[in-house]
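The values are calculated or read from the model by the stated rules, or taken from the named source; none is laboratory data. Every value quoted in this text rests on a predicted model; they were computed, and no experiment measured them. We place every Cβ from the backbone using ideal geometry, glycine too, and count neighbours over all the protein chains shown.
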């Protein structure tokens with residue numbers, strides 16, 4: 001792709017590094033921005049700069065937040081004795097969109113994947129185990145994607161807390177095997193949360 005401007009080329013190359021965006025899509029976005037008032041580009045640049053500089057991670061659940069404690073964890077109307085374990089912020093947003101869950105979350109920051117070099121020590125598994133051992137948690141819901149990596153991560157955590165008094169459950173398999181949580185429709189995902197099953201039954205029957 002030939003560019004008549006090095007400035008355009010640089011902008012296209014940077015945007016093309018975003019997931020799912022090739023150079024042609026990046027070029028369309030750049031040309032669109034050029035047609036807009038300069039203020040719009042300034043607002044976009046400022047929003048991205050502020051996000052990168054000021055974003056925080058909740059010290060309780062490790063969700064992305066504007067403050068040290070996210071709005072979900074700070075909400076006294078949430079049931080802090082029920083913890084839903086998810087991979088990342090996208091899964092929190094997907095489950096919140098169903099309106100069916102009133103507990104809190106624990107964001108692992110990924111899944112165990114030896115192929116990608118991700119081990120348990122690189123995830124927020126330790127803080128979850130500590131929460132359970134504190135005796136303040138009644139139920140842990142495993143809501144990772146139904147992939148091999150997700151199942152491996154679920155089982156690893158299960159083995160870490162199996163001796164505790166906490167109830168362990170997993171979302172019902174209304175989510176197809178191999179599917180990522182963020183792509184499930186809200187009705188299916190909501191029913192999966194409501195009709196969750198004991199975790200040990202989820203693998204003993206396999």
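Things worth noting here:
A quick yes/no check of all residues on (1) more than 23 Å from residue 137 (Cα to Cα); (2) not in a loop (DSSP other than H, G, I, E, B):
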residue	(1), (2)
42	yes, yes
45	yes, yes
51	yes, yes
72	no, yes
77	no, no
83	no, yes
90	yes, yes
93	no, yes
100	no, no
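- Looking only at segment 138-152, residues that are assigned to a helix (DSSP H, G or I) and either in contact with a strand residue (DSSP E or B) (Cβ under 7 Å, 6 or more places away or on another chain) or at pLDDT 95 or above (or both) come to 1 in all.
- Residue match in segment 179-191 (condition: at pLDDT 95 or above and in a loop (DSSP other than H, G, I, E, B)): no
- Single condition residue 121 does not satisfy, out of (1) touching a residue at least 12 places away in the same chain (Cβ under 8 Å); (2) out of contact with any helix residue (DSSP H, G or I) (no Cβ under 9 Å at 6 or more places or on another chain); (3) surrounded by fewer than 19 Cβ atoms within 10 Å (Cβ to Cβ); (4) part of a helix (DSSP H, G or I): (1)
- Condition met for residue 67 (surrounded by 16 or more Cβ atoms within 10 Å (Cβ to Cβ) and either farther than 22 Å from residue 196 by Cα or modelled with pLDDT under 95 (or both)): no
- Residue check, residue 99 assigned by TED's automatic domain parsing to the domain that holds residue 144 and surrounded by 12 or more Cβ atoms within 10 Å (Cβ to Cβ): no
- Residue 135 assigned by TED's automatic domain parsing to the domain that holds residue 198, assigned to a loop (DSSP other than H, G, I, E, B) and over 15 Å from residue 196 (Cβ atoms): yes
- So residue 92, is it within 18 Å of residue 133 (Cα to Cα), touching a strand residue (DSSP E or B) at 6+ places or on another chain (Cβ under 6 Å) and either buried (at least 20 other Cβ atoms within 10 Å of the Cβ) or not assigned by TED's automatic domain parsing to the domain that holds residue 123 (or both): no
- Number of positions in segment 53-64 that are surrounded by 11 or more Cβ atoms within 10 Å (Cβ to Cβ) and in a loop (DSSP other than H, G, I, E, B): 6
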